[in-house]
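A short write-up of the structure that comes next.
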Amino acid sequence: MNLLEIRDLRVSYGAVEAIHGINLDIEENSITAVLGSNGAGKTTIINALSGMLRRSGTVIFNGRPLSTRPDRVVKSGIVQIPEGRLIFPGLTVEENLRLGAFTVRKKQDLFRLLDEQFKVFPRLKERRSQDAGTLSGGEQQMLAIARGLMGRPRLLMLDEPSLGLAPIIVKEVFGVIENICAQGVTVLLVEQNAKKSLGISRYGYVIENGKIILSGTGRELLDNEEIAKAYLGTTGI
């Protein structure tokens, strides 16, 4: 069953149309990858879904039209983890996490969510009183993901989570993403790391110049020679 259905999505920057009528489906309890080079339109798509950009077309989430207001998008169950992490330096790790729970009203729910994140991310528990700006890049990415999970999302949208991280940390981050999905959170993964993202994704889409040029299962796209040449620097895997 599809959790998110997008039909004829169009997004413009002024008079310039950046996304040209794409159709995209996100199956519930799965990881879906959106691939493309810089400027292809990947981030524009998820910013439009989050309500940060004006959009046209039909977007159905959990059987209902998706609001265009960012606060209502989050309350409906969609949370975006932005490119570059954008944690809040000067605030502690725990304070950053609490900011992700602005939709949570009960203190016991807040404490339960904090405990859940500290179980999944034990390093964050060790650093809960530390200035978030002093964390390593990998730790900041974990914090950004944990902060997003504090919003109790049904759909988590991650924008370039591997950007700027060492290979061993990238492996850890993708392991966390798989675990999040296994716990029942649907994931939309925007990435340039084709091999890693397709390796954990049930389905994938390739974006070029605001249009979908290829789609298929993760395995099908990994085996596609065009993808291999464009994103893996080889003619095959």
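The values are calculated or read from the model by the stated rules, or taken from the named source; none is laboratory data. Fair warning: this is a prediction, and the values are worked out from it, not measured in the lab. With ideal geometry, Cβ positions are generated from the backbone for all residues, glycine too; neighbour counts draw on all protein chains shown.
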Practice task
From the list D25, D8, pick out the single residue that is touching a strand residue (DSSP E or B) at 6+ places or on another chain (Cβ under 8 Å), at positive phi, at pLDDT 95 or above and assigned to a strand (DSSP E or B).
Solution key: D8
Exercise for the section: Scan region 104-124 and report the pairs whose first residue is surrounded by 11 or more Cβ atoms within 10 Å (Cβ to Cβ) and whose second residue is among the β-branched types (V, I, T), with Cβ atoms within less than 7 Å and a gap of 6+ or a chain change. Expected result: L110/V104; L113/V104; L124/V93
Completion exercise
L86: passes all of (1) in contact with a helix residue (DSSP H, G or I) (Cβ under 9 Å, 6 or more places away or on another chain); (2) surrounded by fewer than 14 Cβ atoms within 10 Å (Cβ to Cβ); (3) free of Cβ contacts under 8 Å to residues at least 24 places away in the same chain but (3)
Problem - So I227, is it under 28 Å from V11 (Cα atoms), within 19 Å of the chain's Cα centre (by Cα) and buried (at least 19 other Cβ atoms within 10 Å of the Cβ) - result: no
Completion exercise
Taking region 148-174 and keeping residues out of contact with any strand residue (DSSP E or B) (no Cβ under 8 Å at 6 or more places or on another chain) and either at pLDDT 95 or above or buried (at least 17 other Cβ atoms within 10 Å of the Cβ) (or both) leaves M150, R152, L165, I169, V170, V173, F174
Exercise for the section: Determine whether region 158-167 contains at least one residue that is farther than 30 Å from R105 by Cα and of a type in the set (S, T, N, Q). Expected result: yes
Practice task
Considering only region 145-169, state which residues are outside any loop (DSSP other than H, G, I, E, B), over 20 Å from I26 (Cβ atoms) and of a type outside the set (K, R).
Solution key: A146, P167, I168, I169
Completion exercise
By residue number, the members of region 178-208 that are touching a Ser or Thr at 6+ places or on another chain (Cβ under 6 Å) and either under 20 Å from G84 (Cα atoms) or not hydroxyl-bearing (S, T, Y) (or both) are L188, L189, E191, N193, R202
Practice task
Taking S136 as meeting all but one of (1) among the polar types (S, T, N, Q); (2) modelled with pLDDT under 95; (3) touching a strand residue (DSSP E or B) at 6+ places or on another chain (Cβ under 9 Å); (4) over 28 Å from G218 (Cβ atoms), write down the number of the exception.
Solution key: (3)
Problem - Total residues in region 4-61, condition over 20 Å from V79 (Cα atoms), β-branched (V, I, T) and buried (at least 16 other Cβ atoms within 10 Å of the Cβ) - result: 2
Fill in the blank from the handout: When region 125-138 is checked residue by residue, the ones that are under 21 Å from the mean Cα position of the chain (by Cα) and surrounded by fewer than 16 Cβ atoms within 10 Å (Cβ to Cβ) are S136, G137
Practice task
Specify which of the listed residues (T44, T32) is assigned to a strand (DSSP E or B), hydroxyl-bearing (S, T, Y), within 25 Å of V173 (Cβ to Cβ) and in contact with a strand residue (DSSP E or B) (Cβ under 6 Å, 6 or more places away or on another chain).
Solution key: T32
Practice task
Kindly check whether there is at least one residue in region 40-54 that is on the phi > 0 side of the Ramachandran plot, without any contact (Cβ under 8 Å) to a residue 40 or more places away in the chain and under 18 Å from the mean Cα position of the chain (by Cα).
Solution key: yes
